[in-house]
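> Have a look at the structure that comes next, please.
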2 protein chains.
Amino acid sequence: LLNIKKPSFIIDKEKCFNNIRRFVQKAGKHDLIFRPHFKTHQSAVIGEWFRESGVSKIAVSSVGMAQYFASHGWNDITIAMPVNPLQIHEINELASRIRLNIIILSEETYSLLEQHLRFPAGIFIEIDNGYNRTGLIYDEINSIDKLLEKFGRNPFMTFSGFLCHAGNTYTKRNFEEISQIHEDAISKLKKLKELYNTSGTTIISYGDTPSCSLMKNFDGIDEIRPGNFVFYDIMQQQIGSCGFEDISAILAVPVLAKHYQRNEIVVEGGAIHLSKDYITGSNLNNIYGYPVFFDGKTWSVPDGESYVRSLSQEHGVIKCSGNFFDSVKPGDVIGIMPAHSCLTAHQMRNYITTDGEIIGTMNS
Amino acid sequence: LLNIKKPSFIIDKEKCFNNIRRFVQKAGKHDLIFRPHFKTHQSAVIGEWFRESGVSKIAVSSVGMAQYFASHGWNDITIAMPVNPLQIHEINELASRIRLNIIILSEETYSLLEQHLRFPAGIFIEIDNGYNRTGLIYDEINSIDKLLEKFGRNPFMTFSGFLCHAGNTYTKRNFEEISQIHEDAISKLKKLKELYNTSGTTIISYGDTPSCSLMKNFDGIDEIRPGNFVFYDIMQQQIGSCGFEDISAILAVPVLAKHYQRNEIVVEGGAIHLSKDYITGSNLNNIYGYPVFFDGKTWSVPDGESYVRSLSQEHGVIKCSGNFFDSVKPGDVIGIMPAHSCLTAHQMRNYITTDGEIIGTMNS
């Protein structure tokens, strides 16, 4: 049994492997390239778990993350962010030794790269399906045309296809609404493919964890890039992407104080561990995580009443059910299922499996 | 001029020193022990800036942070969190070589320490002024009495006084309301002092950045422990603790994309850089930071219109005024004044001064 003394990110390796295998199988079944997003775990060790499951292509969210995974033997990497032209030197270095895909969504950025890219890179045009984060709007055919006209002026820049992150699924909490966003997004992408796939090589890269978990129609899609599913979290559970039993990681935290008047406990585990991301409870309250019992090896499911109600830098305040409150005391360790496992994992930087293996990351 | 290529935490050393000096002077003027909270910067280098300004006592928020600063020559440290009894070994080690103060707020925790503490430590009892995070409620005289009765059973545990963090000032946005919380809190603490200061050595330790910035009455208070003021941020500006010109740190970020239809730009700078903490705008919208122009040396003040409207893991989306939007393009670097500088600093782990000095932290 693990002997935890301070906030620690704990991984159940078997649950993690199950999540990976399920997605590998689903991608195979739908004849999709599976390019998992490694921003969630940022770990070469966990990367190997994917490799053992047959994965060879990955997505990352920064040039630094691409460098880290390239140095751990990954040689087909998409940097799934609009390219940062200031890092052209690092991009050239990466493109010189791996198959690198980058994202462009403006003529301005194309021109900057055109002048400086010295090695072959696949170029994706990001499409905004209505999420309103970034990307060219799917029906701005003029902008897409103008950008595509530029290709060919730098022979290292090959148009690879369209990439989309339908992140608006994260705001939905039922199958119907997610299905609606998903069907809408893939039909938009399919139209683009029909318009622009003259060479027959245009790839449509798509996928967030909610739609990749829940949907069964990937018509027109060639590749999926979900990330969060490897750990899942209570946001995904609330969305409906997973059950509590699929959540493969918790934050283990020491109990510091009990407040009898308000059935609340205070733990060492705050914003610098869990992040300040939250889900919204039925009273429109913020929920930063659900406490669970943790015996150093396995953890329970949330009791449906207890939740982390507030976080400051290092303190977490947990509103408890009567049973949860009565069962813990200062000096105990409990688990918290995080609201957002990607941010929690990023902040914790090292993980421990329930078997006691220490897992490093690019942030270790 | 700094040559920034990726998200970087930039410090204006002069502004930082001015903030430190102002607080040293204010504490001196009111005859208060100044024990700044080092959780905000977590840096031995910035610690030296405090030492040069005459500071010798500090507060921290974890045992690990106490170990770090003790190894950098700080020998009077208060761990301003309810003590984590699981780290008794580390606490004993620290207590054996520095003047260490810890916090207890229950008989349960007292008993755990009573059995295991082997070196002298000052013990503060945390008092809850109504903030509802942690601490004994100020008028629970019974609980306080019972806890105090236990002192003496372990000769290493010396009752040092009462400690309070009136964190509810953070929810207020005007002088009157902050003043009300402050006056209420200090009058409660003063009563406790009158009741329990039989030895004449009971210390009242108090202080958050809003009240220490704004208030002039510290009657009954012996010590203040603000932390955020060293950098300040737009939350403190909104509260009224500081002006924009006092904010001594920004996050410098590369501009990745412009979205002309909605006057928004996308930067590389997301939740893993800024944290997901936010202030609330006049339309009840979340504001994660204000963009400013940054020339590699100095930065502008916010324009009153532009703000960071959403953050995902690495992306920041900024709603821009016409002028701000027209003035930037992909490949530029801008600054963001963070909503919460403590969390931003923690996540960034290394800082750069506008003079080009790289500043390490305990998380480097």
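> Take the conditions open to solvent by 10 Å² or more (accessible area, probe 1.4 Å) and in a strand (DSSP E or B) and apply them to A:K190. Does it pass?
Considered against the rule, which asks whether it is open to solvent by 10 Å² or more (accessible area, probe 1.4 Å) and in a strand (DSSP E or B), A:K190 comes out as no.
> So A:E93 passes all but one of these: (1) under 21 Å from A:I204 (Cβ atoms); (2) in a helix (DSSP H, G or I). Which condition number does it fail?
(1)
> A further question follows. Test each condition in (1) touching a residue at least 12 places away in the same chain (Cβ under 8 Å); (2) more than 28 Å from A:K329 (Cβ to Cβ) for B:M81 and report the one that comes out false.
Every listed condition holds for B:M81 apart from (2).
> Oh, and also: Are any residues in region A:344-360 open to solvent by 10 Å² or more (accessible area, probe 1.4 Å) and out of contact with any Gly (no Cβ under 9 Å at 6 or more places or on another chain), and if so, which ones?
Once the filter is applied, which keeps residues that are open to solvent by 10 Å² or more (accessible area, probe 1.4 Å) and out of contact with any Gly (no Cβ under 9 Å at 6 or more places or on another chain), region A:344-360 yields A:H346, A:Q347, A:M348, A:I352, A:D355, A:G356, A:E357, A:I358, A:G360.
> Taking the stated definitions as given, is A:K26 at negative phi, of a type in the set (K, R) and in a helix (DSSP H, G or I)?
Taking the combined requirement at face value, the residue satisfies it.
> When you look at A:R225, is it open to solvent by less than 30 Å² (accessible area, probe 1.4 Å), within 14 Å of chain B (Cβ to nearest Cβ) and of a type in the set (K, R), yes or no?
yes
> Working only within region A:116-175, note down all residues that are open to solvent by less than 40 Å² (accessible area, probe 1.4 Å), assigned to a strand (DSSP E or B) and of a type in the set (S, T, Y).
Selection gives A:S160 alone.
> Show me the helices (runs of 4 or more DSSP H) found entirely inside region A:257-364 where at least 3 residues are within 27 Å of A:Q42 (Cβ to Cβ).
Per the criteria, A:271-274, A:341-348.
> Here's another thing I want to ask about it. Given the criteria touching a helix residue (DSSP H, G or I) at 6+ places or on another chain (Cβ under 9 Å) and of a type outside the set (F, W, Y), does B:T198 qualify?
no
> Still on this model: Among the residues in region B:247-257, are any surrounded by fewer than 24 Cβ atoms within 10 Å (Cβ to Cβ), at pLDDT 95 or above and away from chain A (no Cβ under 12 Å)?
no
> So if I check each of A:V230, A:V266, which one is touching a helix residue (DSSP H, G or I) at 6+ places or on another chain (Cβ under 6 Å) and either of a type outside the set (D, E, K, R) or open to solvent by 10 Å² or more (accessible area, probe 1.4 Å) (or both)?
Result of the check over A:V230, A:V266: A:V230.
> Residue check, A:I102 against (1) assigned to a helix (DSSP H, G or I); (2) open to solvent by less than 10 Å² (accessible area, probe 1.4 Å), all met but one. Which one?
(1) is the only condition that A:I102 fails.
> What are the residues in region A:269-293 that are surrounded by fewer than 24 Cβ atoms within 10 Å (Cβ to Cβ) and over 19 Å from B:H346 (Cβ atoms), if any?
Matches in region A:269-293: A:I279, A:T280, A:G281, A:S282, A:N283, A:L284, A:N285, A:N286, A:I287, A:V292, A:F293.
> Right, here's the next one. Using the structure shown, decide if B:M337 is open to solvent by 10 Å² or more (accessible area, probe 1.4 Å), more than 8 Å from every other protein chain (Cβ to nearest Cβ) and under 24 Å from A:P82 (Cβ atoms).
No.
> So, in region B:297-315, how many residues would count as being within 10 Å of chain A (Cβ to nearest Cβ) and closer than 25 Å to B:T354 by Cβ?
So the answer is 2.
> Follow-up. Is at least one residue of region A:57-64 surrounded by fewer than 20 Cβ atoms within 10 Å (Cβ to Cβ), among the small types (G, A, S) and within 14 Å of chain B (Cβ to nearest Cβ)?
Yes.
The values are calculated or read from the model by the stated rules, or taken from the named source; none is laboratory data. All of these numbers come straight from a predicted model, not from anything done at the bench. So basically every Cβ, Gly included, is an ideal-geometry build from the backbone, and we count neighbours across all protein chains shown. Heads up: the accessible areas ignore ligands, DNA and RNA and are worked out on the full protein's heavy atoms, side chains in. Shrake-Rupley method; radii C 1.70, N 1.55, O 1.52, S 1.80 Å.
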